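Inspection log for the structure reproduced underneath, given as structure tokens.
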Amino acid sequence: QEQFVESGGGLVQPGGSLTLSCAASGRIFMLYTMGWYRQAPGKQRELVAAISIGGNTKYADSVKGRFTISRDNGKNTVNLQMNSVKPDDTAVYYCNSGYWTTMEQSPRGAWGQGTQVTVSS
């Protein structure tokens, strides 16, 4: 089973930018859609962005136009570029893999430790 290691989180001011990275182990990275999820205190984990094997993307309405997901199949990595961040973006961010149509409900991999993003002045 694949494992994921997220990095790049930290404290950022409102309106600032941050880039998150996820390194996936395993040799089947390129066979699955990859996604970034987040979980804020007291809330359920939600899908923020996903990118298919062929590069199609989808985003949660709350981050459209601000976040960009990308993947490098040669390096088994997926990034999330976060621009114009808001306090509501504060959460632990995770990556996972799965199928395009079921990423929201049932990602296939084990959850990593995530990376904390805090947006505050």
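Please treat every number below as a calculation from the coordinates, not as lab data. Predicted model, so just to flag it, every value in this text is computed and none were measured. When we count neighbours, we look across all protein chains shown, and the Cβ atoms used for this are built from the backbone with ideal geometry, even at glycine.
Quick look at the numbers
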{"item": "Added length on full extension, which subtracts the Cα-Cα distance from 0.36 nm per residue, Asp88 to Ala23", "result": "20.9 nm"}
{"item": "The chain, relative contact order [Cα under 8 Å, separation at least 6], %", "result": "37 percent"}
{"item": "DSSP bridge orientation in the chain - percent antiparallel, rounded to nearest 5", "result": "90 percent"}
{"item": "Loop chymotrypsin sites (Phe, Trp or Tyr not before Pro), the range 1-93 (other Cβ atoms within 10 Å of the site Cβ: 13 or fewer; DSSP)", "result": "none"}
{"item": "Principal axis box of the chain, alpha-carbon based, largest edge first, Å", "result": "41, 26, 26"}
